[in-house]
Amino acid sequence: MPARIGGRGLLRYLPVLPALLLLLVFLAGPVFWAFQASFTNTGLTGRNARNPGWVGLENYQRLLLDPVFPLSLWLTVLFVGASAVLGQNLLGLALAVLMRHARRAVSAAVGTAVVAAWVLPEIVAAFAAYAYFSRDGTLNQLLGGLGMGQPDWLYSWPMAAVVLANIWRGTAFSMLVYRAALNDIPTEVAEAAQMDGAGGWKRLAFITLPMIRGSIATNLMLVTLQTLAVFTLIWVMTAGGPANASTTLPVLAYQEAFKFGDIGYGTAVASVLLLIGAVFGVGYIRLLREGKR
Amino acid sequence: MTAPARASGTALVEKAPRPRRPGNSRVSPADVALLVLGACFVLPLLWLVLASFDADAGHETRVPAALTLENFAAVITPGLLLQPLWNSLLLSAGTATATLAAAVLAAYPLSRYRSRFNTPFMYAVLLGTCLPITAIMVPVYGLFVQLELLDSMPATMLFMAATALPMAIWMTRNFMDAVPVSLEEAAWVDGASRMTALRTIVLPLMRQGLAVVFIFVFIQAWGNFFVPFVLLLSEAKQPAAVSIFSFFGQHGAVAYGQLAAFSILYSLPVLALYVVVARGAGSSFALSGAVRG
């Protein structure tokens, strides 16, 4: 302890205690418990619930041999990559850029529509998305109207359905981040480039995007982390099915722990998810620190 | 609709960069693109609204043959809707109150004292915001079993408060940093303690910021499905997010009209609260506080 913080100094930090306790007990505690429990055969009920045994790396070995795990890892990467990194991020940027060129009324109305999908409780959004993608839902009605095929999305293309649903649900966040970032760009910069004869696309590529580089990186990290944790949307729409075709890591962890009662194995899956989250979390913080320098 | 055709015509003619907010009455390509994207965002919500007024609604989106309030009447019963909504209110208000109290207390020393403890603590907290919460639900369940806290409303509130805390601490500290210390100094001269100064001078000045944090946490808690789904078992304690799922999501024959009506009634409070935040403090303001730290 540095000399500056004597007894009285530490006492001044007493008000931090309730927050610290909550964070330690309910966030840090479970994270450590997860890593520890993933080395045991803890069960939901029965003998293994009362007297869990230490099984070492057995759960992780099982993970590597279980054909569902690599599939679910791949589906998670696909889900995050397609719906967050590409979908939400690019669409959010496009919306924010378009809004600067549109009339105020149009951009306000569209902004409201985009934000509405984001503000709705997740279970309601999930029900709406389920109805939208169901066999005789709105999407197929539209496709039928255009004379196109009407697949049963939730059975034939479950990943496409949940990816699109998550883009619909989450784009508002990226849009708001990019709107704020674009508003921070001084108008003189764009005007100067315009004087030099730079067209719209050139200005976007060589001036606007480099200037909001920091926001792009931050946004990518945050949408990745948010999408990594998505459970309700997938659970309601497909429940991970059919035959694990849309089982991402959160769904797999839930199924193993609660449906099959294997807490030890479920926490091993959760631990992998936590590690992936930690990598992105640390990356995000490093980005922010660099931005402050 | 002739607007899109006319707009694409103007797109060909108008090569020169246009001012940011065109005041003329012509529809720009940006307007058209935005409206098309906006329509895609509205479509999934259309079903929700139309089905709620349709006596025999199914998956498909259609204008009801006869508008009816039957669905709303059918779900507005104490057991089906009112008790779960009351539970949601308790859970969300309790969570938001606990979060705000802990966040304000923690933010005060972090905002007012200089110490080498501050920065590492704030970054550790920031790492907490990155935690994929769905990944720790299995260990949290295990923790709740061991502490015999399963099916306890207060314990669920505290856990939800802990998950909201990292973000809340960052936002609250930012709002508190904006209140000049010089205002408190007068109170100290008069012999007031730090905590008295916080209560009588700082908090009233950051009222609006506190409201933003409270509503932010409230909205999140209100919409949260997964946490109460795992931690609250008895039907009498379940919030609307869970009861709507167990009522409509798991049983065979689904009354879609009632599901839609329930969803709308359940969503309205948070939509209204979001409007309050967006109007009062500016959504981008609140968001930038949340995102940039």
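Most mobile of A:Gln141, A:Gln194, A:Gln255 per a Gaussian network model of chain A (Cα springs, under 10 Å)? Result for chain A, Cα springs under 10 Å: A:Gln194 fluctuates most. For A:Leu95, what charge total do you get from the other residues with a beta carbon under 14 Å from its beta carbon, if Lys and Arg give +1 and Asp and Glu give -1? Local charge sum for A:Leu95: +1.
Computed on segment A:53-207, with alpha-carbon pairs under 8 angstrom and 6+ residues apart, the relative contact order is 33 percent. Placing a pseudo-label 7 Å from each Cα along the Cα-to-Cβ vector at A:Ala108 and A:Asp196 gives an inter-label distance of 3.6 nm. Taken as Cα centroids, segment A:37-96 and segment B:142-161 sit 23 Å apart, rounded to the nearest whole angstrom. With Cα atoms defining each centre, segment A:152-196 and segment A:214-293 are spaced 21 Å apart in the structure. Near A:Gly137: Cβ cut-off under 15 Å, other residues only, Lys/Arg at +1 and Asp/Glu at -1. The net charge is -2. GNM on chain A, C-alpha springs below 10 Å: top fluctuator among A:Leu71, A:Leu14, A:Leu93? Most flexible of the set in this elastic network: A:Leu14. Placing a pseudo-label 7 Å from each Cα along the Cα-to-Cβ vector at A:Leu17 and B:Leu203 gives an inter-label distance of 1.8 nm. The dipole here belongs to chain A: it is taken about the Cα centre, uses +1 on the Cβ of Lys and Arg and -1 on the Cβ of Asp and Glu, and is about 920 debye.
Got the relative contact order for chain A handy, in percent, Cα pairs under 8 Å and 6 or more residues apart? In percent, rounded to a whole number, it is 29. Taking every full run of DSSP H in chain A, the ones that stretch at least 30 Å from end to end by Cα along their long axis and average -0.5 or higher on the Kyte-Doolittle scale are A:158-183, A:263-292. Within segment B:124-140, the residues that become at least 40 Å² less accessible when every protein chain is included than when their own chain is isolated (1.4 Å probe; DNA, RNA and ligands ignored) are B:Leu126, B:Leu127, B:Cys130, B:Leu131, B:Pro132, B:Thr134, B:Ala135, B:Ile136, B:Val138, B:Pro139. Remark: segment B:27-33, residue by residue, has Karplus-estimated 3J(HN,Hα) of 8, 8, x, 4, 4, 5, 4 Hz, where x stands for each Gly or Pro and the curve is 6.51 cos²θ - 1.76 cosθ + 1.60 at θ = phi - 60°.
Calculated accessible area for chain A comes out at 46 Å² per residue, all protein chains present (probe 1.4 Å; ligands, DNA, RNA ignored).
The values are calculated or read from the model by the stated rules, or taken from the named source; none is laboratory data. Since the model is a prediction, treat every value here as computed from it, not as a measurement. Neighbour counts run over all protein chains shown; Cβ positions are idealised from the backbone, glycine included. Please note that ligands, DNA and RNA were not included when accessible areas were found on the heavy atoms of the full protein model with its side chains. Shrake-Rupley method; radii C 1.70, N 1.55, O 1.52, S 1.80 Å.
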